[in-house]
Structure formats: structure tokens, C-alpha cells
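Take a look at the structure below.
The values are calculated or read from the model by the stated rules, or taken from the named source; none is laboratory data. For clarity, every value in this text was computed on a predicted model and none was experimentally measured. We place every Cβ from the backbone using ideal geometry, glycine too, and count neighbours over all the protein chains shown.
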Amino acid sequence: MFEPSTPITTLLSTLAATPAASEGMRAMLQRSSEFVNPLIAQLTGIALDPAGRELADHTLDHYWADEQRQQDTLNASLCDREVIIGSGYHAAVYAATRVQAGYPKPLVLERGQRVGGIFATTTRPVFYLNSPNRPGGPGLAGDLGANLNYLPGAPIQAANVSALEYPTNTDMAFVIRLALAQFAEVVPDTNVIAYDDGDGGGAALAIDSRPTLPAGRVIDARGMGDPDGGHLANGTTILTFTQFIQRMAGLWPLRGLRRVAVVGGGDAGKCVIESLLGIAPQPFMAAAALDHVDRIDWYDDALPTTCTVWQDEIRGRYQAIGRYLRDDRSGARRLTVKQRRAGVVDVPGMALIEGRGYDLVVLCTGSKEPFIQGLGGLGECDLYSVYGAGPVAQQYQGEPVFRVGPHARLPFSAQERNEGVADVPGNAVAMFRLGSKTAALAATLPPVIRA
Ligand SMILES: Cc1cc2nc3c(=O)[nH]c(=O)nc-3n(C[C@H](O)[C@H](O)[C@H](O)COP(=O)(O)OP(=O)(O)OC[C@H]3O[C@@H](n4cnc5c(N)ncnc54)[C@H](O)[C@@H]3O)c2cc1C
């Protein structure tokens, strides 16, 4: 069992000194015999107590934001260091597995101010994940004994954090952040802009507004990327998915919105629809009389248009949306699927689609890779396989650089096709599919040899 790291120790002592935030931690210690050890019991108690979790999150943010610590961490980094780009789920999986396999803590560089990747975009919960929240170890969809949100090697799992049917984004973010706090050194606000192979003199990463950093190996965990269509978003009447969920985490997020359009029908589009219908987590106050979206038009060429077809074709997690595709008792219908692609035009005070005016249009039309000079597209990579696990990453040809997670775009294996995992396109990026691959990479890569 591991000793608590400095940020985890700081977190525990801060909580212990704040009685109003430590009730969950103290209560869970009464059940510590049911846990592997008291540290896991304490962290679980903190996660389950809203006041405890808020203070723990704040303590971690404060620790990671310390400029002197950031500089010291970067300055101490040598040419045998493993450096991870991005601080999401796959960074946490890699770091937790690597350290528990006996290797030094990797250095995690995050361009944003908040650590934790896509699920940590907001500090309060705004969307549900799409895989059920249940106990168990890793496994594929369809295995009812498996926890599909499992983070290999993490101190606590999503199933420790709530008893909801589906975890919220911030439940998963908390699990990721604790794993990074324990198993990595993390520097936020650090945007990697270029990779230099060093011509035999050792690899290096160029970072915006900071000195160049040597690296012995790079784990490129950039995630799904930046929103496509970001250039169309104006921040007011046209938003990307990320901008929309940030708005949902603020005060009165639906104020003044009567007619809204959503473009794109994937998981992100479905989460936006749930927020607009009031069936997603709502962190702040909303009053139906004031904050009610009357009409939602949803543009996507593949979505069902009727409640009956929706309930037949769409997976369980999103079933509730289907009921809004029919008239309510007063004969009104709030949600309409327009089965086609749509372009949006920005005009003063509103957005137009096909001549219809909307108070807000949310673009959920996919993502594109954040640019890093020297780390081009998949054409420069080869699949990297591990005996017993198959392809687990993409490696840049001749370079100590590995793409992991959704960013690696790993093809479905024959086994995944046979077991039906490939039948759901969204599974291509799912944690249950890719987490164990990143863990296999971390467990098996040889030590970095100092150049
Ligand atoms: C809205 C949404 C919901 C999802 N829901 C689910 C779900 O319910 N279940 C599921 O299994 N999967 C879900 N996914 C898929 C999800 O992306 C993965 O499962 C997982 O979160 C990806 O983790 P990651 O670490 O690869 O990427 P991310 O969590 O996206 O983290 C990548 C990080 O890299 C940082 N970064 C990028 N470029 C740079 C740079 N140049 N320098 C420094 N940092 C950089 C980003 O800021 C980001 O924080 C969802 C994806 C999205 C977009």
C-alpha cells in the first residue's frame, strides 16, 4: 500500500482542521474495517460529503496553482523524466499504474488552469456519464460485474463517490484528481506547443511562456481535442459544448432562453438536450417560471424523430429524452428533431438556422486535435502493441512519444467486434475500452534510460 503523497497529506490535514467539512471523513472511519485501509476510507468519506469534497477540491487547486512549486517542479525535471501532456483520465491511469509498477512519478502538464481533463471542465456537476455507476473491477460493456468507469490503480473509484445510477462529470473528475495528486507531479497552466526530438541530444518540449523542458519519454494524452466549429462560436448566442457546460455551471444558466437549437446528436449533444429539458444535474437555482426553454430544435441527420422510434433505438442512458419527442397533455411539444445537417449564421442578438431565429445555438459537431508542432497526425505513428493486450497506443516513428486514450484512435479488435463493443460507435473512446490499454502500456514500458 502507498504512503499518502504531499498533496494528499495536505488535503487530509486541511480537512481534519475544518470540522464543518470533515463529518464524512470521520463518519466513514467507523466503517474503515470494510476498506482496504483507513486512507481509502477517509478519502471515500470526503468524496461523499459535499462540504468535504468542495474543500478537498479547493485544497488541491490551491496546491497545484502555487507558482513557486510549479517552477521548482519544472526546474527539477531532467532528461530521463516521463512527461504526460494533458491531465485527464488517461494521464491518471498512466501515472497510477506506472508508479505502482515501481517507476518514478511522471510529470503531468495541463494547459488549463484546472486539473482533471474534460470531466473537470466545471467545478459543479453538469452532465451524467453514459456508463452505469456500479462496483467492481475493469471489464467490457455487457459485463454486469464490471465497473465501466474504473480507473486502474486509483485510490478510490467512481462507485465510492456517489450512489447515483450514472456518475456526474465531477464525480469522475474527483477520482481522476485524487489519482493524479497521489501518483504524479502536476503543473497546470502549462500549454505544450512543440516537441523537439533533439537530434540525438535528448527530446524536449516547448511550453508557452515557460522555459523548454527536457523529456525522456512523452505520453501524449491530449484527449478528444478542441471543439470543431469553435470559430463559429461567439460566446453569447452561439456556444461550443464546452462553453455551454461552463454556462450551465454558472448562476441562472437558462435565463432568457426561450428558443434554442442544438446541432449534433452524439453524446455531447444529448447531454446538452438533457440540460435544456431540466433532466441533467443542475448545480445552481432554476425557477420553472423564469428559466424554461419552450422550444428546442435538434439538428442531426441520424437521430429518431418520434418517441416510439427513440425508445426502440437509443440506449438506456438517454431514454428519458424520448418522452419529449411527443406532445404533452396540453398539446405542446418542446423538443423536435430536424433530421438534417444545419449551418448557423450569427446575426446581432440571435443566431439563425434556415431562417429561424434562436436565442442560443449549441454546436456539438465533434472535435479536432489541439496543435503541437513536431507531433503531427496519425500518419506519423505506428500502432504499439503489448503481448496479451494487443495495440494499446500509437508511437511516433522513431520517437519516445506515445499517444494514448481517444487521441490514439485505436481500431476495434476482433474480440471487441465479436463481443458487440464495436456496435456502439461511442465505445471507441469509452474509458472501459481504453483505460486497460493505457494501464498495460504503463505496466510494460521499459525504464527510461538517461540520454
Ligand atoms: C463531453 C464528453 C463526455 C464524455 N463522457 C464519457 C463517458 O461518459 N464515458 C466514457 O467512457 N467516455 C466519455 N467521454 C470520452 C472521454 O473523452 C474519455 O473517456 C476520457 O475522459 C478521455 O480522457 P483523456 O485523458 O484522454 O482526455 P481529457 O479528459 O480530454 O484530457 C485531455 C487534457 O489534455 C489537455 N491538453 C490538450 N492539449 C494540450 C497541450 N498542448 N498541452 C497541455 N495540455 C493539453 C486538455 O486541456 C485536457 O485537460 C466523454 C468525452 C466528452 C468530450
Of Ile85, Ile8, Ile46, which residue is in the same structural domain as Pro152 (by TED's automatic domain parsing), hydrophobic (A, V, I, L, M, F, W, C) and under 30 Å from Leu434 (Cβ atoms)? Ile85
Report whether or not Leu303 is buried (at least 20 other Cβ atoms within 10 Å of the Cβ), of a type outside the set (Ser, Thr, Tyr) and out of contact with any Ser or Thr (no Cβ under 7 Å at 6 or more places or on another chain). yes
Starting from residues that are under 27 Å from Ala442 (Cβ atoms) and basic (Lys, Arg), keep the ones in region 205-258 and report whichever is nearest to the chain's Cα centre (by Cα). Arg222
Can you give me the number of residues within region 68-93 that are surrounded by 15 or more Cβ atoms within 10 Å (Cβ to Cβ), more than 16 Å from the ligand (Cβ to nearest atom) and within 21 Å of Ala203 (Cα to Cα)? 2
Selection from region 131-146 of residues modelled with pLDDT of 85 or more and surrounded by 14 or more Cβ atoms within 10 Å (Cβ to Cβ) yields Ser131, Pro132, Asn133, Arg134, Gly136, Pro138, Ala146
Taking only region 357-406 into account, find how many residues are within 13 Å of the ligand (Cβ to nearest atom) and of a type in the set (Gly, Ala, Ser). 5
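Name the strands (runs of 3 or more DSSP E) wholly within region 299-394 that hold at least 3 residues that are in the same structural domain as Leu140 (by TED's automatic domain parsing)?
On the way: elements: 335-338, 345-347, 350-353, 356-358, 360-363, 381-386.
By residue number, 381-386.
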Does region 405-412 contain at least one residue that is in a helix (DSSP H, G or I), at pLDDT below 95, assigned by TED's automatic domain parsing to the domain that holds Ala203 and surrounded by fewer than 20 Cβ atoms within 10 Å (Cβ to Cβ)? no
Failed criterion for Asp423 (all others in (1) over 20 Å from Ala215 (Cα atoms); (2) out of contact with any strand residue (DSSP E or B) (no Cβ under 9 Å at 6 or more places or on another chain); (3) touching a residue at least 12 places away in the same chain (Cβ under 8 Å); (4) not hydrophobic (A, V, I, L, M, F, W, C) hold): (3)
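Determine whether Arg222 is surrounded by 15 or more Cβ atoms within 10 Å (Cβ to Cβ), more than 14 Å from the ligand (Cβ to nearest atom), charged (D, E, K, R) and modelled with pLDDT of 95 or more.
no
Please find, among Ala141, Ala95, the residue that is farther than 28 Å from Thr18 by Cα and assigned to a loop (DSSP other than H, G, I, E, B).
Working: Ala95 fails: assigned to a loop (DSSP other than H, G, I, E, B).
Sole residue among the options that is farther than 28 Å from Thr18 by Cα and assigned to a loop (DSSP other than H, G, I, E, B): Ala141.
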Among what's in region 144-170 and is of a type in the set (Ser, Thr, Tyr) and assigned to a loop (DSSP other than H, G, I, E, B), pick the residue that is farthest from Val36 (Cα to Cα). Tyr166
Within region 413-446, which residues are outside any helix (DSSP H, G or I) and either of a type in the set (S, T, N, Q) or within 17 Å of Ser385 (Cα to Cα) (or both)? Ser413, Leu445, Pro446
Matching entry among Ala65, Ala56, Ala21, Ala17 (being surrounded by 14 or more Cβ atoms within 10 Å (Cβ to Cβ), of a type in the set (A, V, I, L, M, F, W, C) and more than 24 Å from the chain's Cα centre (by Cα)): Ala21
Hits in region 258-280 (condition: assigned to a loop (DSSP other than H, G, I, E, B) and either surrounded by 20 or more Cβ atoms within 10 Å (Cβ to Cβ) or within 13 Å of the ligand (Cβ to nearest atom) (or both)): Gly264, Gly265, Gly266, Ala280
